[in-house]
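Here, each number is a calculation from the coordinates, and none is a lab measurement. The shown structure was predicted, so the numbers you read here are calculated from the model rather than taken from an experiment. Neighbour counts are summed over all protein chains in view; Cβ atoms, including those assigned to glycine, are modelled from backbone coordinates with ideal geometry.
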Amino acid sequence: MGIHSITVTVNGAKERLDVPSNMTLLQMLRDKLGLTGTKNGCSAGECGACTVLVDGEPVNSCLMLAVEADGRQVTTVEGLAHDDHLSALQEAIIEHNAVQCGFCTPGMLISAHALLERAPRPTEPQIREALVGNLCRCTGYLRIIEAVQTAAKKGGA
Amino acid sequence: MAELTSNPVGKNTPRVDAYEKVTGTAIFTDDLQFGPGLYYGRLVRSPHAHALIKSIDISKALEVPGVKAVVTGQDFDTRIGLYLVDRPVFAKDRVRYVGDPVAGVVATSEDIAEEAAQLVEVEYEELPAVFDPVEAAQPDAPLLHPDLGEYKVANFIFPEPGTNISEHFRLRKGDVEVAWPRCAAIVEDTFRLPHIQHVPLEPHVAVALWEPSGQVTLWTSSQSPFAQRDLIAQSMGIPHGNLRVISPYVGGGFGGKAGVSMEVYAVAMARAVKGHPVKLRMTREEEFIGTTVRQALVAHTKIGCDAEGNLLAMETEYYFSGGAYNDYGVNIVRAAGYSCTGPYYIPNVKGDSYCVYTNLPIGSAMRGFGMPEIHWGIEQIMDQLAEKIGMDPAEFRRRNCVKTGDIILTGMKMPAIDLVACIDKVTKAVNWDERRGKARPRPSAPHKKRGKGIAIMWKAPAMPPNPGSSALVRFNEDATVNVEIGAQELGQGAFTVVAQIAAEALGVPYEWVRVSAPVDTKYSPYEWQTVASRITWSTGNAVKAAAEDARRQILALVAEHWDEDPANLDIKDGIVISYKSEREQPLKDMVIYGLPNENFEGWKGGPIVGHGKFMPTYVTNLDFETGQGPRAVVHYTVGAQAVDLEVDTETGQVEVLKIASAYDVGKAINPDLVLAQIEGGAVHGMSSAFEALKFDERGRPLNPNLVDYRIATAADAPRQIHGDIVETPLEDGPWGARGVGEHVMVQTAPAIANAIYNAIGVRFNDLPLSAEKIFMALQ
């Protein structure tokens with residue numbers, strides 16, 4: 001198995017990493033960089049808990065190889081707040097009590113963030129569609145949908 | 001500084017765990033870092049549903065570079081279990097389901113452990129297997145546990161050795177044979193529910209370290225750190241004081257992380273590689289088949305009423321498919337037995353509830369604990385009876401539902417509740433009167449049919465008679481407060497609620513309170529388990545007692561200092577005040593350092609630590625033959641749900657438009673968190689109506705993944721979920737509060753079935769409500 005040297009920008013910081021060919025982006029984030037906010041719920045791209053942004057697009061990081069991230073920009077849940085200021089979306093999730101166990105929350109936030117970047121005033125069906133790949137067993141989704149609407153009203157992600 | 005909240009009980013204070021959870025900094029078990037000394041475990045699982053183990057050859061696995069140990073059932077002599085100690089640590093002579101662990105491999109990486117696990121050679125001799133609980137209960141069925149009579153068992157569980165029946169609960173009240181001829185309407189039918197799985201987003205994970213000194217530490221995603229300490233200590237022969245269980249945030253439990261499931265394997269493997277932590281995490285496939293599932297049920301139920309709509313008699317047999325090991329499941333079946341009527345007053349009852357071993361995954365606790373299963377049939381029969389005698393189904397329920405002071409089926413007097421108020425609220429919320437005739441709203445398309453349905457529920461915390469809670473309340477120098485509990489935050493909001501309770505009882509702002517986490521059995525006060533919707537009530541009582549203890553110490557000290565009567569003193573917003581002398585004493589100047597005597601001639605007081613406990617002392621055992629006794633349970637929480645939906649007659653698909661729920665929670669400590677439970681539970685309940693774990697004819701799982709076993713997504717959630725809170729105070733709850741975490745999904749499936757009947761005139765006795773099944777019924 002080969003080891004590859006890659007350069008990847010994670011939450012704005014440039015990193016040089018040596019990664020095995022079969023290492024997933026999720027493993028790289030969690031095991032190489034200690035960014036454990038991104039969760040592993042199924043290792044099969046079915047639950048969305050590992051969603052991160054790669055060049056602005058939401059991706060199941062368990063299905064992408066670390067080497068494929070070479071030269072690209074990755075944003076994880078740890079990169080959503082700036083200078084200890086939560087994003088409008090993070091604030092709205094708290095305000096709506098749209099978090100329970102919190103295991104789906106990082107991936108959910110990333111998918112919603114990508115939606116608001118793409119469609120600053122999404123309709124409810126658009127929000128549901130954007131979050132359909134992020135499973136949540138606790139909240140019943142409606143509060144998350146409302147939180148995205150609130151964030152949109154307050155000026156986006 | 002942000003605004004401070006005085007007297008937070010009853011207010012929508014923000015969750016104490018929200019910031020961590022939206023920033024990705026909340027730590028879950030798999031996030032803990034153990035460094036390069038960490039080893040990984042994988043389990044070798046049985047491919048057969050029922051077989052004898054003839055031999056296990058681990059030699060090839062041990063030759064793989066990086067493999068540190070392979071353990072098998074031969075290394076362990078004991079069994080493990082909560083109510084019925086029936087599960088070997090690893091299968092020893094016999095495997096009982098596809099997925100039964102027979103060996104554990106420890107290696108320096110998960111990949112190496114997996115590779116070596118494939119090389120463990122096990123020779124089996126297949127045995128006849130049994131999958132249906134009714135068949136398995138027959139005398140000639142293949143026997144799963146020939147040694148059942150030798151297993152240790154709780155004194156309120158009654159296995160029948162020589163059969164596959166691990167528990168038989170009998171309920172006898174009045175005389176059904178006398179009552180049947182007096183009935184004007186009788187409905188008798190059989191209802192079936194498949195196995196379903198909890199599907200927490202976080203799969204089970206455990207890390208165990210067995211130190212050469214004999215000290216053992218287990219980091220685990222668990223609802224039951226203390227029960228795990230107790231059961232694993234007993235099973236593995238570890239003194240309780242040497243076993244420390246640390247449990248960070250739990251990424252969803254729903255009962256699946258109650259008791260012990262896979263955690264004991266991590267400890268067993270760690271024993272073989274002393275000094276190295278061993279991490280064992282379940283794949284999603286293992287989560288489905290190798291942790292626990294909700295038991296399947298076959299229910300034969302007959303209920304009758306008179307012409308005025310008064311329920312007269314009920315006869316029911318519940319056959320639960322307990323799976324291969326019923327160490328926890330037996331108590332679900334007992335709960336289904338002593339609550340077998342559902343939330344109704346019925347004078348004559350004959351109920352038999354059986355837990356039956358089957359060659360399937362382990363049935364165990366899941367949100368609702370037997371109640372969703374039995375309400376599925378009961379709540380459809382109630383609708384049918386109402387129709388037969390020409391009564392509105394909501395009115396039929398108002399007439400017959402349990403009411404305060406009723407002598408219920410076990411002979412216990414029903415504590416104060418208001419189920420009628422719950423029915424009133426949900427019927428109003430869905431415009432119930434529109435369900436028939438001209439008032440009926442038009443469906444959204446010509447090929448769709450609109451319908452409304454109702455279902456009601458009850459559930460008691462199902463547990464041993466004496467599960468205890470304890471709590472400590474400690475101060476920091478600035479008078480901020482640490483609340484220490486052994487109860488777990490699973491998402492339900494336990495930490496937020498105990499912070500509110502402590503702040504209210506002490507007289508400090510909510511924002512001053514911190515809940516000490518993670519739960520650590522070495523430092524946290526004892527808690528039985530975070531199950532049974534008991535934390536707000538039981539732990540809440542313990543926290544309130546601890547805060548009141550601290551408050552008493554503070555007031556006594558200040559009263560002595562001021563030479564006043566403590567009865568004239570109070571604590572408001574962190575300041576001790578005297579209503580008599582109007583003096584003030586900030587807590588921050590005294591809760592650690594005490595107070596100086598006059599002229600500083602010595603000091604009085606010292607660091608304030610309040611302690612509190614709660615344990616129900618009044619629950620009695622029930623008569624073996626009749627299920628009768630003075631106090632079967634601590635209390636019941638009741639509620640109602642109404643559903644408004646559309647059925648697509650061209651596809652058979654159901655779209656749930658609205659779910660309205662109302663529950664009597666006694667007192668909502670945090671109303672918005674109650675509503676959050678109500679909403680999440682409604683979707684969980686809705687999803688459960690369409691879920692089924694499927695097995696082939698040899699007991700092999702067919703859909704253990706999230707593509708073939710679908711749970712509700714954001715696209716499936718109803719357009720609207722309406723929640724109402726009813727507050728009839730519970731005698732021994734903190735400010736009258738009782739739990740609601742599980743109740744919120746108990747009756748959703750039958751409410752949907754009743755609404756489907758209202759829409760298309762077809763009844764479905766068996767879950768899941770698949771589109772295919774509905775479509776075929778319409779042809």
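Mean per-residue shielding of peptide A:119-131 is 1, counting Cβ atoms of other chains within 10 Å of each Cβ. Summing Lys and Arg as +1 and Asp and Glu as -1 over all other residues whose Cβ lies under 12 Å from the Cβ of B:Glu150 gives a net charge of 0. Available extension along the chain between A:Asp31 and A:Arg16 is 4.0 nm, counting 0.36 nm per residue and deducting the alpha carbon span. Dipole check for the protein assembly as shown: with +1 at the C-beta of Lys and Arg, -1 at the C-beta of Asp and Glu, and the Cα centre as origin, the magnitude is about 1140 Debye.
Take the cross-link list B:Lys459/B:Lys522; B:Lys449/B:Lys667; B:Lys11/B:Lys613; A:Lys153/B:Lys658 and give me the ones stretching past 30 Å between alpha-carbons. B:Lys459/B:Lys522; B:Lys449/B:Lys667, as the Cα separations exceed 30 Å there. Between A:His82 and B:Lys572, the simple spin-label model (points 7 angstrom out along Cα→Cβ) gives 4.5 nm. Quarter the surface of the alpha carbon convex hull of region B:559-634 and you get the mean projected area, 8.4 square nanometres. Taking 0.36 nm per residue of separation and subtracting the current Cα-Cα distance, fully stretching the chain between B:His447 and B:Glu285 would add 54.5 nm. Cα-based radius of gyration for region A:88-153, normalised by 2.2 N^0.38 Å, reads 0.95. Once the gyration tensor of the Cα atoms in the protein assembly as shown is diagonalised, the equivalent ellipsoid follows with semi-axes of 39, 37, 31 Å, ordered largest first.
Label point 7 Å out from B:Asp766 along Cα-to-Cβ: which residues of region B:294-315 have amide N under 17 Å? Residues B:296-301 fall inside that zone.
Only Cα sites of region A:45-142 enter the Debye sum here, all with the same form factor; the resulting log10 I(q)/I(0) across q = 0.14, 0.24 1/Å is -0.51, -1.45, listed in q order.
Mean partner shielding of peptide B:26-36, defined as the number of other chain Cβ atoms within 10 Å of each residue Cβ, is 3.
How much net charge surrounds B:Asp664 when only the other residues with a Cβ under 9 Å from the Cβ of B:Asp664 are counted, with Lys and Arg +1 and Asp and Glu -1? So the environment of B:Asp664 carries a net charge of -1. Modelled this way, with points 7 Å down the Cα-to-C-beta line, the labels at A:Glu129 and B:Asp111 are 3.9 nm from one another. For B:Val130, nonlocal amide neighbours, meaning residues 5 or more places apart or on other chains whose placed amide H falls under 5 Å from its own, are B:Asn359. If a spin label sat at a point 7 angstrom from the Cα of B:Ser581 along the line to its beta carbon, no backbone N atom of region B:605-619 would be nearer than 15 Å.
Set the Förster distance to 45 Å, then compute FRET efficiency between B:Glu395 and B:Asp696 from the Cβ-Cβ distance, nearest 0.05. E(calc), rounded to 0.05, equals 0.45. Reported to the nearest whole Å, the Cα centre-to-centre distance from region B:1-50 to region B:322-340 is 29.
Just to confirm a number: summing +1 for Lys and Arg and -1 for Asp and Glu over residues other than B:Ala445 whose beta-carbon lies under 14 angstrom from that of B:Ala445, what do you get? Spelling it out: positives minus negatives among the neighbours equals 0.
Legend: mean number of C-beta atoms from other chains within 10 angstrom of residue C-beta atoms, peptide B:716-723, equals 3. Projecting the Cα atoms of B:Ala714, B:Leu280, B:Leu569 onto the dipole axis of the protein assembly as shown, where Lys and Arg carry +1 and Asp and Glu carry -1 at the beta carbon, places B:Ala714 farthest toward the positive end.
Judged by the mean number of other Cβ atoms found within 10 Å, the most tightly packed of the peptides B:88-97, A:64-73, B:256-265 leads the ranking B:256-265, B:88-97, A:64-73.
One compactness figure for region B:584-668 is 2.41, namely its Cα radius of gyration divided by 2.2 N^0.38 Å. Debye-formula intensities of chain B, expressed as log10 I(q)/I(0) at q = 0.05 Å⁻¹, are -0.27 (one equal scatterer per alpha-carbon, no solvent). Computed extension length for A:Arg121-A:Asp55: 21.6 nm, one decimal, from 0.36 nm per residue of separation with the Cα-Cα distance subtracted. Within region B:195-278, all pairs of alpha-carbon atoms sorted by distance into 10 Å bins from zero give the percentages 20, 52, 23, 5, 0. When +1 charges are put on Lys and Arg Cβ atoms and -1 charges on Asp and Glu Cβ atoms, the dipole computed for region B:600-734 relative to its Cα centre reaches about 580 debye.
Summarising the label geometry, the points placed 7 Å from Cα in the beta-carbon direction at B:Ala439 and B:Glu548 lie 4.7 nm from one another. Our summary of shape: the Cα atoms of region B:457-591 have principal axis extents of 52, 28, 25 Å, ordered from largest down, in whole angstrom.
Within region B:105-139, find all residues whose amide N lies under 16 Å from a label point positioned 7 Å from the Cα of B:Ser59 along Cα-to-beta-carbon. Under 16 Å, as judged by backbone N against the label point of B:Ser59, lie B:119-123 of region B:105-139.
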